[in-house]
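Everything below concerns the one structure shown next.
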Amino acid sequence: MIQQPARRPIRSVAVIGGGAAGWMCAAAISKSFGRDVQVQLVESEEIGIVGVGEATVPHISVFNRLLGIDEAEFVRQTQGTFKLGIQFNDWGKLGDSYIHGFGTIGRDLGLMPFHQYWLKARAAGRAGDISRYSLNTVAAPLGKFMVPPSDAPPHSPLAEIAYAYHFDATLYARFLRRHAEKQGVKRTEGKVVAVQQNPDTGFIESVRLESGAEIAAELFIDCTGFRALLIEDTLRAGFEDWTHWLPCDRAVAAPSQNVGPPTPYTRSTARAAGWQWRIPLQHRTGNGYVYSSQAISDNEAQASLLKHLDGPALADPRLIRFTTGVRRKLWDKNVIALGLAGGFIEPLESTALFLIQSGISHLMSLFPTLDFEPAVRDKYNAQMQFEYERIRDFIILHYHATSRDDSDFWNHVRTMEVPASLKANMEVFAANGQFFREGAELFGLTSWVQVMLGQGILPRNYHPAVDWVKEEDAFALVDHVENVVAANVGLMPRHEDFIARHCAAAPAYAPV
Ligand code: FAD
């Protein structure tokens, strides 16, 4: 009989940190492994969480479904709203505005994606702005929203509405905590003050809390935010700094009072030294100015933020410092870093929570045994590095493809050398409007097309295969899509009415 090697499964996981990363991870592991793996989470209320991170991409609904979370309950409990995309103002040049919407643009025909026919129709003066051919980009500025109705005919744009959420980051962490604790996650309050490593292997064996308590585990997940207590302070995994491409290194954030119904999109407005976000929630609006400290002072950034709020501020602005980049090893020895402990790319396309989700999903697929095979760890690191780099490129695109020349900041990002991978993508698109998604990169064709066009890159040619379709058929396709999109948006309710009917939160400041 062939002798099988003894199985050495991991039985205990310690998640250090209780922000979104920590609780997302603890909830996912406890859901997937049940009682076979004991999950403990340590967090310190005194240190607290970063408390921003309120806009998402559509993939989060997959994560919620994995956890068995009811959507309406989730939106209610987090004061959430819905998001069809991001509106970018003043990015390509002052006065410009475009929406990067989720979902599809038009209908593909034959070998070619819709936007290739649109390029031909546009060159002939037969098509309007690309935003008129996608349900999300028509519905968003009109304040319309609905989730796909169960009785929508297949292939109708309504059946394919792609959306994400805005939510209150603190309420989100609390929501996940309740969920994870119900699944058996054991939470310990306390500050980690020391880390014990195996003297031979350097693997982490336990952490000691200020109270003197020891938390031991076989696998550690570092979710300690920018502190990166295990992966960097202890293991010295190293950090790849991307500030030379993405020079913003600070944000000031302040909530403001709602002054109208919540828009079903995030707003990003380019400013002299960075950009300002506006995220509408049911009970307030989240705002922040992401900027380069080389270009303006903290006081100037704060003043600019306060000047550009839609409504009165509800709290003093809070300063957050960061360095853009990623750990050289996101998984080192028996530690995996998730969230801000692993890396940070500014929130321009709301990608940080997605990267946590992706890290968790790769961890699930590559879950180690006590042998901690290097090949498994290396695969994880390579996959995650790739995803970080592709998102990095997409974010740099917004800064680099601009004609803004009204400040030193914009002159720098417009003229800087960009990664070769991004340069190649921009050059191919400028030549014939094509884009190739590689591997599991987050943003696909429609995202790149919308942002490249929105930032002012208009392809010199459309693809020759478009001419294989009769001209009148190509133009008829473009007209048809525009009419179908407009008709379907006409059937959608207003965003605030949809929320009121399905998932209105309790008033946040109601007297008790
Ligand atoms: P944190 O929230 O900082 O949590 C760290 C945890 O570690 C805390 O519980 C803390 O108590 C604990 N801890 C630290 N040290 C110790 C210790 N010694 N002992 C015990 N516990 C400890 N993401 C998006 O997806 N969309 C957005 O719109 C978005 N906007 C952002 C805007 C800004 C300005 C910034 C900085 C980030 C933004 N992000 C966004 C990122 C998002 O906020 C984070 O990815 C997310 O909140 C996860 O944070 P975290 O859990 O890694 O860290």
Looking at (1) modelled with pLDDT of 95 or more; (2) touching a Leu at 6+ places or on another chain (Cβ under 7 Å), which one does Arg8 not meet, given that it meets all the others? (1)
Across (1) crowded, with 19+ Cβ neighbours inside 10 Å; (2) within 13 Å of the ligand (Cβ to nearest atom); (3) within 22 Å of the chain's Cα centre (by Cα), Arg227 clears everything bar (1)
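For the subset of the range 162-175 comprising residues that are out of contact with any Ser or Thr (no Cβ under 7 Å at 6 or more places or on another chain) and near the ligand (Cβ under 10 Å from one of its atoms), which member is farthest from His283 (Cα to Cα)? Walk me through how you get there before you give the answer.
Kept after step one, since they are out of contact with any Ser or Thr (no Cβ under 7 Å at 6 or more places or on another chain), are these residues of the range 162-175: 162-163, 169-170, 173-174.
Applying the additional criterion that residues be near the ligand (Cβ under 10 Å from one of its atoms) yields 169-170, 173.
Details: Ala169: 13, Thr170: 13, Ala173: 17 Å.
Step by step, filter the range 162-175, then rank; the result is Ala173.
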Take the range 463-504 and flag every residue that is over 31 Å from the mean Cα position of the chain (by Cα) and not in a helix (DSSP H, G or I). His463, Val469, Lys470
Please indicate, with yes or no, whether at least one residue in the range 112-120 is over 18 Å from Trp277 (Cβ atoms), out of contact with any Lys or Arg (no Cβ under 7 Å at 6 or more places or on another chain) and free of Cβ contacts under 8 Å to residues at least 24 places away in the same chain. no
Suppose we filter Glu240, Glu181 for residues that are closer than 26 Å to Glu54 by Cα, free of Cβ contacts under 8 Å to residues at least 40 places away in the same chain and more than 10 Å from the ligand (Cβ to nearest atom); which single one remains? Glu181
Could you tell me whether the range 316-337 includes any residue that is over 22 Å from Gly238 (Cα atoms) and touching a Ser or Thr at 6+ places or on another chain (Cβ under 8 Å)? no
Within the range 276-293, restricting attention to residues that are away from the ligand (no atom under 11 Å from the Cβ) and touching a residue at least 40 places away in the same chain (Cβ under 8 Å), which residue is farthest from the chain's Cα centre (by Cα)? Ser293
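State whether the residues of the range 64-82 include one that is crowded, with 20+ Cβ neighbours inside 10 Å, among the small types (Gly, Ala, Ser) and assigned to a loop (DSSP other than H, G, I, E, B).
Taking every residue of the range 64-82 in turn, at least one turns out to be crowded, with 20+ Cβ neighbours inside 10 Å, among the small types (Gly, Ala, Ser) and assigned to a loop (DSSP other than H, G, I, E, B).
The values are calculated or read from the model by the stated rules, or taken from the named source; none is laboratory data. As the structure is a prediction and not an experimental result, all values here were calculated from the model. Quick reminder, even Gly has a Cβ in these numbers, built from the backbone with ideal geometry, and neighbours come from all protein chains shown.
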